[in-house]
Each structure stands twice: as C-alpha cells, then as structure tokens.
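One structure, as structure tokens, below. Some questions next.
Values quoted throughout were computed directly from the atomic coordinates according to the rules given, and no laboratory measurement underlies them. Predicted model, so just to flag it, every value in this text is computed and none were measured. Note: ideal-geometry Cβ built from the backbone for every residue, glycine included; neighbour counts use all protein chains shown.
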Amino acid sequence: MGTAPLLRFDQETLSWDGTAVLEGLSFSVARGERLVLLGRSGSGKSTLLNAIRLKLEGARPAPRLALVPQDPGLVPQLSVFHNAWMGLLDDHSSAYGLRVLLRPPSRERARVAPMLERVGLAGLDRRRVASLSGGQKQRTALARALLRGGDALIADEPVSAVDPRQSGDLLDALAARFPTMVLALHDPARALAVGTRIVGLRAGRIVLDRPTAGLDAAELHRLYEI
C-alpha cells in the first residue's frame, strides 16, 4: 500500500473574498514533495496556497509548518534578530518570549546567527527591520522559516525581492531544511530547479500537474500566455 497523502482536496471549491476562485478541485500533496505552483497573477495560486495551509493547520495531529507569506509579516520596529527568532515564539512561554524581547540570551543569538549568515544577513542582527531593503526583509522572513524548521514549508513568492543571482541558493537552503515544500513561484526556471512536481493554474483551473522530470521551461512559459 502507498503512503497516505499529506493532504487531499476532493471536489472542493476554494473562494477568496466571497468569490469562487477554484471550483471542483481534486488535488493532493504527498509527503516529501517539493510542489511548485505556477501561473499568471489572479490564476488562483495564493488561494490554493492558503487553502493548503488551512488544511494542514486543521489536521490532527497537525504537522509543524513554517510559513513565508508574500507580505513577510515582520515587525518593523524590532531587530532582524528578533524577527527571525519569532519563528520559535510558539515553542516557548510568554515570559520567555518577553525576556528574549528585552534582553536576548547569548544562546538565542547563537541559534539565530547561522540562519542569518545562510541568507546573507550576517552582521545585521541588531539592525531594525524598518531600515532594511525589500530584499533584506524577505531574507529575514526566510531566516525565520529556516530557524523554525518543521515538517513542511508553505511559501508565496519567497524570493521575489531577492537578487535573481542569489535566489536559487536561497531556494536550495529551503529545500535542504524542509522535507515537504509547497511554493508559489513566478519563474519557470527556478521552479524546474527546485521542484519535484509542477502544478500550473490558469483562470481558476489546474491545467498542468506533472513531475518536473520531462518538463521544460518553454512548456511552463505557455502558462503565462494570454
């Protein structure tokens, strides 16, 4: 018998702001997959990604999830260190979280430092997030996810603000950290490099669902044709 999927949709309709976006959806995600969603803006990628997150959060037992939303969800008044450390916030009591906020123990700084170095933010741990560039803010969100770790990563355009020359290395770091990933990307070449399965959406429908092997960038670029 095969391994049960991590999650499954069975003829479900997914909506956004009260409007149906994906109808009659039958779809599953297997453990160990690196699934990449591709498609034009408005095709339903973010809606599907959000539905996957909600389904996993509602599972019993729920897997440990790390999230990289399109809006990084950072606290601009706090430092890079504090924002990255928030990946561990729900692992500790409120009292300990307050202690880290006010006077971070050296052991916590030591836990965060390798993750900041991995995403190219070494030496910026005390910098306020409000002073960062867009790419640095996104790297901070990636460091938060890497520090958290877990069973699965859900990420919506996690390297969109990063220099294209470095985005592949950051995606590799995520792939090495998480056994299962579901990503929404906009770059077919990056999707082929990091993914094991590509799901292409167009106008609220899944029009492609295949393993990465055998696909090429030209075929994926057709998802973006009008």
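What does the charge add up to near Pro179, with Lys and Arg as +1, Asp and Glu as -1, over the other residues with Cβ less than 15 Å from its Cβ?
Result for the neighbourhood of Pro179: +3.
Follow-up. Gap in Å between the Cα centre of the stretch 144-160 and the Cα centre of the stretch 114-130?
One Cα centre to the other: 16 Å.
So what is the calculated 222 nm ellipticity per residue for the chain, using -39500 (n - 2.57) for each DSSP H run with n of 4 or more, over all residues, to the nearest 500 deg cm²/dmol?
That calculation yields -10500 deg cm²/dmol at 222 nm.
Turning to a different aspect of this structure: Report, please, the projected area of the stretch 175-214 averaged over directions, based on the convex hull of its C-alpha atoms, in nm².
Result: 3.2 nm².
By average Cβ neighbour count within 10 Å, what is the ranking of 124-130, 14-20, 152-158, 79-85 from highest down?
Ranked from most to least packed, the peptides come out as 79-85, 152-158, 124-130, 14-20.
What is the distance in Å between the Cα centres of the stretch 174-193 and the stretch 63-99?
Centre-to-centre (Cα) distance: 22 Å.
Hey, of [x] 1.00; [y] 1.38; [z] 1.05, which did the structure itself give for Cα Rg over 2.2 N^0.38 Å when calculated?
[z]
Would you please state the base-10 log of I(q)/I(0) at q = 0.16, 0.18 1/Å for the stretch 32-163, with intensities from the Debye formula using one equal scatterer on every alpha carbon?
One equal scatterer on each Cα of the stretch 32-163 leads to -0.85, -1.04.
For Ala59 and Ala95 in the same chain, what is the full-extension length gain: residue separation times 0.36 nm, less their Cα-Cα distance, in nm?
10.1 nm
Quick one: give the max-minus-min coordinate of the C-alpha atoms of the stretch 75-148 along each principal axis, largest first, in Å.
32, 22, 19
Once phi is turned into ³J(HN,Hα) by the Karplus curve 6.51 cos²θ - 1.76 cosθ + 1.60 with θ = phi - 60°, what whole-Hz value does each residue of the stretch 85-98 show in order, with x for glycine and proline?
5, 4, x, 9, 4, 7, 8, 10, 6, 4, 5, 5, x, 5
May I pose another question? If we sort 39-50, 140-151, 211-222 on the protection proxy, mean other Cβ atoms within 10 Å, highest first, what's the order?
Going by the mean number of other Cβ atoms within 10 Å, highest first, we get 140-151, 39-50, 211-222.
Using only the Cα atoms of the stretch 1-47, construct the convex hull and provide its projected area averaged over every direction, in square nanometres to one decimal.
About 4.0 nm², averaged over all directions.
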